[in-house]
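Scroll down for the structure; my scribbles are underneath it.
Laboratory data are not the source of any read-out in this text; all were calculated from the coordinates shown. Bear in mind that the values here come from a model prediction, so they are computed numbers and not experimental data. Note that each Cβ is placed from the backbone with ideal geometry, even for glycine, and that neighbours are counted across all protein chains shown.
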Amino acid sequence: MSCSRVSRELLERFRFGETLDGRSDRHLEHLQVCHACREVVGLDLALVANLRRALRARVAGNEPSPGSWEVVRRRALGESPRLTWPQQLMRWTRFVPAGAVLTVMVFAVATSREASPPQLAYDRNWTAFQRLADTGDAWQMPWWLRERAPSPPPPPTHGILALAVPDVEAVPAPARVSGPLE
Amino acid sequence: MQSGDLDAFEEFFNTYQRPVHATALAITRDPFLAEEILQDCFVTAYRVRHRLRLDVSPLPWLQRVTTNLCYSRLARRRGHLEPLTGLISNLVADLSARPEQVAESREIMEVLQRGIDALPPKQQAAIVLYYLHDYSLAEAAEIASCRVGTMKSRLHYALKALRSLVPAERRSTAPRGATLAADELQ
């Protein structure tokens with residue numbers, strides 16, 4: 001019988017408190033002649049004994065405090081009685097008005113035709129960029145915003161603003177003047 | 001007790017508070033936390049008193065609630081364990097051996113205490129149930145809501161971890177009779 005098998009099988013029996021019955025005879029015969037295994041088994045028993053002492057030391061001299069019962073009694077008396085399911089359902093009815101208001105608000109936002117969220121975000125970015133560019137502080141913008149700054153919006157094609165912006169294509173190109181180099 | 005009689009519940013509390021407190025204290029090593037867990041455990045018991053069976057001992061159930069409470073509390077305060085305290089000093093009071101042996105034994109105990117603290121909570125609960133309370137493997141497995149094989153495995157890995165912490169030459173500093181002498185095998 002090999003040492004590893006003895007260590008594995010016999011240690012497990014010792015460790016888990018099994019009695020040494022007839023099945024252990026061969027293990028014990030091995031231990032009689034093998035000093036190394038005897039030492040391993042003995043050391044493992046010593047470890048278990050020390051472990052028991054360490055665990056007992058954790059609780060030694062510590063009793064539950066005399067006031068524990070009073071705390072438990074007070075908490076037990078303060079426990080609300082267990083509710084039946086209709087009662088539990090009724091408890092949720094207090095949230096009905098808040099839920100209704102929230103639903104109306106969500107509905108109002110979802111059906112709003114003012115501007116779509118992407119357009120709002122675009123306008124906000126562009127306004128910020130323009131403000132910084134106008135004041136010469138564009139360098140204050142983070143690089144990722146400088147690189148992602150939106151392109152200028154297309155000029156208005158209708159409404160009163162269309163009159164204020166000259167139509168580039170409508171202005172005739174200057175006549176080309178032939179010079180001596182041509 | 002099931003009808004809410006507080007006198008009966010007080011008797012129930014007095015009967016079972018010590019093992020529950022010992023389990024909580026052995027796992028958490030914090031007397032205040034152990035006290036809280038004890039109270040929580042019995043408040044839970046009072047809340048479900050209608051479902052407690054009177055024909056079997058409620059102790060395994062109480063221990064299960066206690067270990068679960070310990071798991072959740074330890075998970076919250078993992079890493080905030082206090083350093084070793086005077087708890088260990090109680091340990092060697094009964095030793096009348098040589099001073100160097102006492103010091104060595106104390107050192108082993110400190111290593112073991114740190115090792116127990118470092119174990120995963122389920123392994124801690126396993127060694128507390130098995131080696132402190134001396135529950136059988138089947139009882140400990142029932143309390144921990146696992147199979148006997150799983151409980152064996154937890155104990156095995158816990159001991160393996162502890163064994164690796166204590167050097168072999170030190171492990172032999174044990175109470176008298178712990179080491180296996182050749183004549184015991186005769």
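Some values worked out for this structure:
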| quantity | calculated |
| --- | --- |
| Burial ordering of B:Met151, A:Met105, B:Met109, fewest other beta-carbon atoms within 10 Å first | A:Met105, B:Met109, B:Met151 |
| Three-way shape call for the range B:4-46 based on the alpha-carbon gyration tensor, with the a/c threshold at 1.5 | prolate |
| Residues B:Leu6 and A:Ala98, FRET efficiency given R0 of 30 Å [Cβ-Cβ distance, rounded to 0.05] | 0.15 |
| Distance (nanometres) between label positions extended 7 Å along Cα→Cβ at B:Arg106 and A:Leu28 | 4.0 |
| Local electrostatic count, B:Ala144, Cβ distance below 14 Å [Lys/Arg +1, Asp/Glu -1] | +3 |
